[in-house]
Every structure is written in structure tokens, then in C-alpha cells.
């Protein structure tokens, strides 16, 4: 008997062998092995475990097991919708790391509108390339992701202290639900943290405005 972590790590590596970008759409992974699970799980047991962030293999036939709809344990006390999906979680971590590292140059600048515009364009171009691969949910381009980096996030006081803040998010594909993060670059270092709009985006031409207003309002009230 042995723990399945090595098999899971191998499955994840095999699923991503074609590229560095995690695929949110990947919902199942297959394990071909002469090994079998010590405790076979029925559908009800797998569902109950998945709600707690624990994944169970589904034995399709002898020598072939599937890991479907994989879930992940998150540090947040409450996980909604696609946020608990393993591939969505890994995609969000990859996006956070890329944008945090890609905009770190703002720590070396004095700030201002030109810097914010450059940082926003850089993050927007990156997310556009990811969206073009089909990694995000939503059907229309303006609903797949958003980037904010302007005076709404960067006050006169924060600029004087050498700080630059950028907000970005993407649609998880679960009822137009968005996951959002605030990237902060300061002279002392850089951080990224999850933020929430506490709402679902509505359909229509005002989606982007509604998302930005809701999240920004929450950030202001928390400051």
C-alpha cells in the first residue's frame, strides 16, 4: 500500500506536458496502472469527499481509474463555484505569478498616469493572449477578464510612498462568476491578494462597469 500523491503529481505533469499554461477546461485525468484502490468509492462518497476538497478515483474498469472534476483545498474559509476546482485554482495561481512578476518593474518608477497605463496595457495584453486560448469562461471578450490600474486604486498618498496597485480578474465559467486579485508593488516588496465583489456579473453591455464598481467599492470600504 502507498499514498496516491505520486500518481497525482504524475497525472498533473502529464496533462501539462504540452505547455506551461494550466488548462481550466481539463476536467478528468486517467490513470492506467495494475494497482487498485484499497477502498473503492461509490458516487455518493466521492461527492461528499469532493465537497471537503478531497479527491477520489473512479475505477472505470480493472487497470483504468479516472480522477474527474478534481477539487482542491483552499485557504479561504468558504469556496464557491469554480473556485474550488483544481485546474481553476492552478490557472489562477499561474496568472497571479505571471502578472506579479511581469509588473514588478513599477517598483523602480515614480508612478503616475503614464506608468498606470503601461502596466494596465501589459497585463491586458497578457490576459488577452490567455483568453484567446479559451482558458477563461464567458462568451464575449469584454466579459472574460478585466484589468484596472488608475487613480481609483492609486491615490496621491500611495504614489508619494512609491506604491502601485493593479486589479485584475477573470471569469471562471460558473454563472459568470469572477475571481479577482489586487497586485501591490511597493519599495519594500510586492504582494498579491484575492479580493471579491460579493456578487455575480449581470448580462448586458454594463458588465465591465458593474464588476469594476462593485470590487472597487469593496476595496474602498475595507481601506
Exercise. Between residue 104 and residue 49, what FRET efficiency comes out of the Förster formula 1/(1 + (r/R0)^6) with R0 = 45 Å and r the beta carbon distance, rounded to 0.05?
Worked result: 0.70
For this session: With a point put 7 Å past each Cα toward its Cβ, work out how far residue 129 is from residue 157 in nm, to one decimal.
Result: 3.8 nm
Exercise. Assuming a viscosity of 1.002 mPa s and a temperature of 20 °C, what translational diffusion coefficient in µm² per second does Stokes-Einstein assign to the stretch 89-173, Rh being the Kirkwood radius over Cα pairs?
Worked result: 159 µm²/s
For this session: Would you calculate the separation in nanometres between label points at residue 193 and residue 118, each defined as 7 Å from the Cα along the Cα-to-beta-carbon direction?
Result: 2.8 nm
For this session: Arrange the peptides 180-187, 151-158, 163-170 so that the one whose residues have, on average, the most other Cβ atoms within 10 Å appears first.
Result: 163-170, 180-187, 151-158
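Here, each number is a calculation from the coordinates, and none is a lab measurement. Predicted, not measured: the structure shown is a model, and the values here were computed from it. Virtual Cβ from ideal backbone geometry, glycine too; neighbours counted across all protein chains shown.
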